[in-house]
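The values are calculated or read from the model by the stated rules, or taken from the named source; none is laboratory data. All values reported here derive from a predicted model rather than from experimental measurement. Neighbour counts are summed over all protein chains in view; Cβ atoms, including those assigned to glycine, are modelled from backbone coordinates with ideal geometry.
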Amino acid sequence: MKLLVARVMTLAFLLGPLALGSAALAADPIRVGAVLPFSGGVELYGEQAKLGLDLAAREINAAGGILGRPLEIIYVDDKTRPASAESAMRSVIDSGVVAVVGPVTSANFNAIRPLAESTKTPLLYATNFEGGTCSRYVFSFSTVPNQDLGQLLPYVNEAVGNTYFLLGADRVWPHQMFDIAKPLIEKLGGTIVGTQYTQGTETDFTPLIKQVAAAKPKVLLFALKGDGIDFIRQADDQGLFKETTVAFLGLSEIDLGIFKGKGQNMITVVPSLATSDEPEMKAFVARVRASAGNDVLVSNYVMTHYNTLIALKAAIEKVGRVDKEAIVDALAGLTIPSPTGTVTIDANHYATMSMFIAKTQGSELVTVRALGRIPPQPGCTLAGR
């Protein structure tokens, strides 16, 4: 398998030992694997993850590396397929990485987690996650259901209405999120008027749009990435959103350009927003665009993946050596700065972070309400493991 190695260009390369100590230049790099999709249908998310990882690596190396050693990222395309993800995971582990970041999809996560555990390699997962997995070698840097779905449903139930149609792709994450949503909706006094899963082969969504419209939901709880773009465009053109509001799980800035102005006022919950007025987030977006171009979209996937390497650096420096078991111990309980405030990895290896209710406005996601830092409820515990 071909490895795409990110030997990140830094100020050290441009300026020599003044930017990065000569010992660090001569030292062996600390290698981190990145098992991400760069083909297969969700490559936009892989590219966003890479933006965050590349920025973190550049900044870490420009500041002297980690314990005086440069950081090197080894990227491998998991092709959005579990078998490819497993092969990619094996290849980066064989390359001597100290940790692995990725993947994006739940199916690929389930494929590579056993390898992380059997090789005792920290797996830093920075995509919104259904939770339920507590492992010594797995760390979640993005949201779990109580942090996004658990904030989204009470908001739309009050602001929009309490009748729901659940629409998602026939994949692991939508099924598990809807299984969690159903009792939450019942607890809120809401009613589910329909549930449907798509197969990924649909091009004309008219029959499905008519099915949703006939059920007359106030809220369309939506977990349909990829093909969901076409659904939103077609549903908007057919007038579905005049009476129904989309509560979109996993929505981010990278989706909005593809909508081409359709799907206004959709509601979501995210851990960061590129339109934020907060100085730290504005500076972060500016740094990403300074290296990747002024037109690049900056989603929460950029920030959460950036945070993985900031945390890894802090953990290694905390223990003073590059040792996987020591790194695992140091990551638990660690608090790091992030563009939206501090992020804390708890004893179960899930992240307490700031969350925001947002809506689509034009081609942007804008803040509706800042929710503050929300601790995770992963649905599992590491106690006794």
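Quick notes
- Flag: Val269 matches the condition of being in contact with a helix residue (DSSP H, G or I) (Cβ under 6 Å, 6 or more places away or on another chain), part of a strand (DSSP E or B) and crowded, with 24+ Cβ neighbours inside 10 Å.
- Selection from the stretch 196-222 of residues that are polar (S, T, N, Q) and either in contact (Cβ under 8 Å) with a residue 60 or more places away in the chain or surrounded by 15 or more Cβ atoms within 10 Å (Cβ to Cβ) (or both): Thr198
- Residue in the stretch 101-108 that is under 18 Å from the mean Cα position of the chain (by Cα), aliphatic (A, V, I, L, M) and assigned to a loop (DSSP other than H, G, I, E, B) present: yes
- Restricting the stretch 238-274 to residues that are out of contact with any strand residue (DSSP E or B) (no Cβ under 9 Å at 6 or more places or on another chain) and in the same structural domain as Pro207 (by TED's automatic domain parsing), the residue that is nearest to Pro154 (Cα to Cα) is Glu243.
- Residues being part of a helix (DSSP H, G or I) and under 22 Å from Val101 (Cα atoms) - total across the stretch 272-284: 1
- Taking the stretch 155-185 as the range and being over 19 Å from Thr198 (Cβ atoms) and not aliphatic (A, V, I, L, M) as the test, the residues that pass are Tyr155, Asn157, Glu158, Gly161, Asn162, Thr163, Pro183.
- Matching residues, the stretch 304-327, being outside any helix (DSSP H, G or I) and touching a residue at least 40 places away in the same chain (Cβ under 8 Å): Gly320, Arg321, Val322
- Only listed residue being hydroxyl-bearing (Ser, Thr, Tyr), without any contact (Cβ under 8 Å) to a residue 12 or more places away in the chain and in contact with a strand residue (DSSP E or B) (Cβ under 8 Å, 6 or more places away or on another chain), chosen from Thr367, Thr335: Thr335
- Residues in the stretch 199-248 that are aliphatic (A, V, I, L, M) and at pLDDT below 95: 4 in all.
- Within the stretch 80-119, the only residue that satisfies the criterion of being surrounded by fewer than 18 Cβ atoms within 10 Å (Cβ to Cβ), hydrophobic (A, V, I, L, M, F, W, C) and at pLDDT 95 or above is Ala83.
- One residue stands out in the stretch 376-385 among those that are out of contact with any Asp or Glu (no Cβ under 7 Å at 6 or more places or on another chain) and surrounded by 14 or more Cβ atoms within 10 Å (Cβ to Cβ): the one that is farthest from Leu152 (Cα to Cα), namely Leu382.
- Against the list (1) free of Cβ contacts under 8 Å to residues at least 40 places away in the same chain; (2) assigned to a helix (DSSP H, G or I); (3) surrounded by fewer than 23 Cβ atoms within 10 Å (Cβ to Cβ); (4) within 21 Å of the chain's Cα centre (by Cα), the condition Asp255 fails is (3).
- Hey, Ala49 more than 15 Å from Thr308 (Cα to Cα), within 20 Å of the chain's Cα centre (by Cα) and crowded, with 22+ Cβ neighbours inside 10 Å or not: no
- Filter result (part of a helix (DSSP H, G or I) and either within 10 Å of Gln48 (Cα to Cα) or touching an Asp or Glu at 6+ places or on another chain (Cβ under 6 Å) (or both)) within the stretch 285-303: Asn300, Tyr301, Val302, Met303
- Qualifying residue in the stretch 337-350 (condition: at pLDDT below 95 and in a strand (DSSP E or B)): no
Per-residue answers, yes or no, for (1) under 23 Å from Phe356 (Cα atoms); (2) hydrophobic (A, V, I, L, M, F, W, C); (3) surrounded by fewer than 17 Cβ atoms within 10 Å (Cβ to Cβ):
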site	(1), (2), (3)
Asp236	no, no, no
Gly239	no, no, yes
Gly261	yes, no, yes
Ala286	yes, yes, yes
Val302	yes, yes, no
Ala315	no, yes, no
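- Condition check for Gly64: touching a residue at least 24 places away in the same chain (Cβ under 8 Å) and in a loop (DSSP other than H, G, I, E, B): yes
- Members of the stretch 120-132 that are in a loop (DSSP other than H, G, I, E, B) and either at pLDDT 95 or above or among the aromatic types (Phe, Trp, Tyr) (or both): Lys120, Thr121, Pro122, Ala126, Thr127, Phe129
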